[in-house]
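Here you go, one structure.
The values are calculated or read from the model by the stated rules, or taken from the named source; none is laboratory data. All values reported here derive from a predicted model rather than from experimental measurement. Neighbour counts are summed over all protein chains in view; Cβ atoms, including those assigned to glycine, are modelled from backbone coordinates with ideal geometry.
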Amino acid sequence: MGEEPNLNYIKEIAGGNEEFEKKFLAIIQTEFPKEKEEYLKNLDDKELEESAKVVHKIKHKLGILGLNDGYKLAIKHEEGLKYGDAKLKDDFMDVLKVVEEFILKIA
Amino acid sequence: MNCIIIDDELTARTIVSELCENTSELKVVEQFPNAVEALKYLNHNTVDVIFLDIHMPFLTGIDFIQTLKSPPRIVFTTSDTDFAIEAYAYEFIVDYLVKPITAQRFQKTISKLKNAMQPVLVGQTVDTKIPELLQDPDLYINIDRRLIKLKFQDILLIEAKGDYIEIKTVDSFYRVHSTLKKIKEKLPESLFMQIHRSFIINFTKIIDIQDNSVLIERSVIPISRSNRPNLMQRLNLL
């Protein structure tokens with residue numbers, strides 16, 4: 001899909017408050033890996049409705065990181081999972097990898 | 001305005017908290033990762049505004065608001081647009097923010113909250129009621145181009161008289177061009193109730209009830225047959 005995460009939104013909210021930026025990024029760095037793990041575990045356990053709930057949370061982070069296409073994909077994937085359809089899991093996994101790499105880069 | 005934030009995502013709570021901190025109008029007094037914790041807090045504390053997520057474990061935001069007896073102003077903060085129409089069915093819902101929330105959009109929320117907190121004028125068109133948790137709730141009536149402030153607790157009764165209503169207070173009497181229906185919408189339900197086609201009374205001012213009438217100060221007010229059960233239900237009968 002080609003889009004890259006960015007910090008535009010976080011900088012807008014922070015309004016130059018660097019301390020907030022650091023604190024906020026630290027939260028994402030803590031929350032995201034846990035959510036990804038929870039999502040994958042639910043998929044493995046065939047708990048698709050539970051997976052949908054985690055995708056719902058991850059979706060917000062994709063929006064925060066400016067991944068608009070990823071955000072739209074998450075909406076479709078969440079809806080699919082609610083109805084027992086996991087066909088977008090590979091595409092979604094690609095988005096998660098992009099976020100993971102970005103988080104490691106900014107750490 | 002004192003507010004609390006309820007959201008299971010720490011990122012979401014942090015963003016709303018920062019947006020509040022960047023304004024002088026809102027002060028975050030507490031944050032909760034779920035609605036159950038917030039309910040416990042609200043049992044002993046009052047707030048002006050709640051920023052509320054919808055999808056949460058244990059109790060959803062929609063379920064949460066249905067448990068509140070006297071809800072303050074509520075702003076939904078969610079990644080889901082599906083509940084927007086349902087949310088606005090509640091008069092105390094002031095805004096519906098879709099995540100991620102931008103600073104620009106949040107400014108509109110603040111304006112909406114400020115409007116919602118303003119005293120209501122009789123005859124003025126407003127889309128929300130005065131929250132009952134306001135510390136000093138007032139009603140402004142227009143008499144000869146002068147806006148007169150009445151405290152809700154000072155109002156004894158209101159009587160419909162053709163195109164006018166007569167408001168009797170503890171120490172005065174006012175005649176206003178309005179309808180009983182219109183003023184009823186501005187009055188807190190915890191204090192007032194309609195007991196007759198032509199009368200709304202301040203429930204807390206009842207001295208006694210006899211047959212089909214109530215005594216308020218020196219006024220004997222009729223109770224209509226259809227309203228009598230509602231009145232009886234609200235009495236703390238021994």
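Having 2 or more residues that are within 14 Å of another protein chain (Cβ to nearest Cβ) and closer than 28 Å to A:Glu19 by Cα is the bar; report the helices (runs of 4 or more DSSP H) wholly within the range B:1-68 that clear it.
On the way: elements: B:10-21, B:35-42, B:61-67.
So the answer is B:10-21.
If I filter the range B:9-48 down to residues being among the acidic types (Asp, Glu) and closer than 22 Å to B:Arg105 by Cα, which single residue comes out as surrounded by the most Cβ atoms within 10 Å (Cβ to Cβ)?
Narrowing the range B:9-48 to residues among the acidic types (Asp, Glu): B:9, B:18, B:21, B:25, B:30, B:37, B:48.
Subsequent filtering for residues that are closer than 22 Å to B:Arg105 by Cα retains B:9, B:18, B:21, B:25, B:48.
On the way: B:Glu9: 23, B:Glu18: 21, B:Glu21: 14, B:Glu25: 14, B:Asp48: 21.
Ranking the qualifying residues of the range B:9-48, first place goes to B:Glu9.
For the structure I just gave you, tell me whether B:Val176 is surrounded by fewer than 17 Cβ atoms within 10 Å (Cβ to Cβ) and more than 22 Å from the chain's Cα centre (by Cα).
It is false that B:Val176 is surrounded by fewer than 17 Cβ atoms within 10 Å (Cβ to Cβ) and more than 22 Å from the chain's Cα centre (by Cα).
Among the numbered criteria (1) farther than 17 Å from B:Ser226 by Cα; (2) surrounded by 14 or more Cβ atoms within 10 Å (Cβ to Cβ), which one does B:Met193 miss?
Single failed check for B:Met193: (1).
To continue, here is another question. Yes or no: the range A:40-55 includes at least one residue that is under 30 Å from B:Asn22 (Cα atoms), within 14 Å of another protein chain (Cβ to nearest Cβ) and not in a loop (DSSP other than H, G, I, E, B). Explain how you work it out, then say what you get.
Pass one, the range A:40-55, residues under 30 Å from B:Asn22 (Cα atoms): A:54-55.
Pick out the ones that are also within 14 Å of another protein chain (Cβ to nearest Cβ) and you get A:54-55.
Going one step further and asking which of them are not in a loop (DSSP other than H, G, I, E, B), we end up with A:54-55.
Within the range A:40-55, one or more residues are under 30 Å from B:Asn22 (Cα atoms), within 14 Å of another protein chain (Cβ to nearest Cβ) and not in a loop (DSSP other than H, G, I, E, B).
Output the number of residues of the range B:186-235 satisfying the condition of being part of a loop (DSSP other than H, G, I, E, B) and among the aromatic types (Phe, Trp, Tyr). It would help to see each step written out before you state the result.
Step one: filter the range B:186-235 for residues part of a loop (DSSP other than H, G, I, E, B), giving B:187-191, B:197-198, B:211-212, B:217-218, B:223-227, B:235.
Within this subset, residues satisfying the condition of being among the aromatic types (Phe, Trp, Tyr) are none.
Total satisfying the criteria: 0.
For A:Leu62, indicate whether it is in a helix (DSSP H, G or I), within 14 Å of chain B (Cβ to nearest Cβ), buried (at least 16 other Cβ atoms within 10 Å of the Cβ) and in contact (Cβ under 8 Å) with a residue 24 or more places away in the chain.
Working: in a helix (DSSP H, G or I): yes; within 14 Å of chain B (Cβ to nearest Cβ): yes; buried (at least 16 other Cβ atoms within 10 Å of the Cβ): yes; in contact (Cβ under 8 Å) with a residue 24 or more places away in the chain: yes.
So A:Leu62 fits the description; yes.
Looking at A:Glu38, A:Glu78, A:Glu50, which is the one that is in contact with a helix residue (DSSP H, G or I) (Cβ under 6 Å, 6 or more places away or on another chain), more than 15 Å from A:Ile103 (Cβ to Cβ) and modelled with pLDDT of 95 or more? I'd like the intermediate steps shown before the answer.
On the way: A:Glu78 fails: modelled with pLDDT of 95 or more; A:Glu50 fails: modelled with pLDDT of 95 or more.
None of the others qualify; the one that does is A:Glu38.
Then there is this: Could you please let me know if A:Glu19 is in a helix (DSSP H, G or I), over 13 Å from the mean Cα position of the chain (by Cα) and within 11 Å of chain B (Cβ to nearest Cβ)?
Numbers: in a helix (DSSP H, G or I): yes; over 13 Å from the mean Cα position of the chain (by Cα): yes; within 11 Å of chain B (Cβ to nearest Cβ): yes.
The answer is yes for A:Glu19.
Kindly indicate whether any position in the range A:86-101 is modelled with pLDDT of 95 or more, among the basic types (Lys, Arg) and under 20 Å from A:Leu7 (Cβ atoms).
Checked against the condition, which is being modelled with pLDDT of 95 or more, among the basic types (Lys, Arg) and under 20 Å from A:Leu7 (Cβ atoms), the range A:86-101 yields at least one hit.
A:Val95 - would you say it is more than 14 Å from chain B (Cβ to nearest Cβ), hydrophobic (A, V, I, L, M, F, W, C), in a helix (DSSP H, G or I) and closer than 28 Å to B:Ala103 by Cβ?
yes
Please verify whether the range B:71-84 includes one or more residues that are assigned to a loop (DSSP other than H, G, I, E, B), crowded, with 23+ Cβ neighbours inside 10 Å and free of Cβ contacts under 8 Å to residues at least 60 places away in the same chain.
Within the range B:71-84, one or more residues are assigned to a loop (DSSP other than H, G, I, E, B), crowded, with 23+ Cβ neighbours inside 10 Å and free of Cβ contacts under 8 Å to residues at least 60 places away in the same chain.
Here are some conditions: (1) touching a Leu at 6+ places or on another chain (Cβ under 8 Å); (2) in contact (Cβ under 8 Å) with a residue 12 or more places away in the chain. A:Asn8 meets all but one. Which one does it not meet?
Failed condition: (1).
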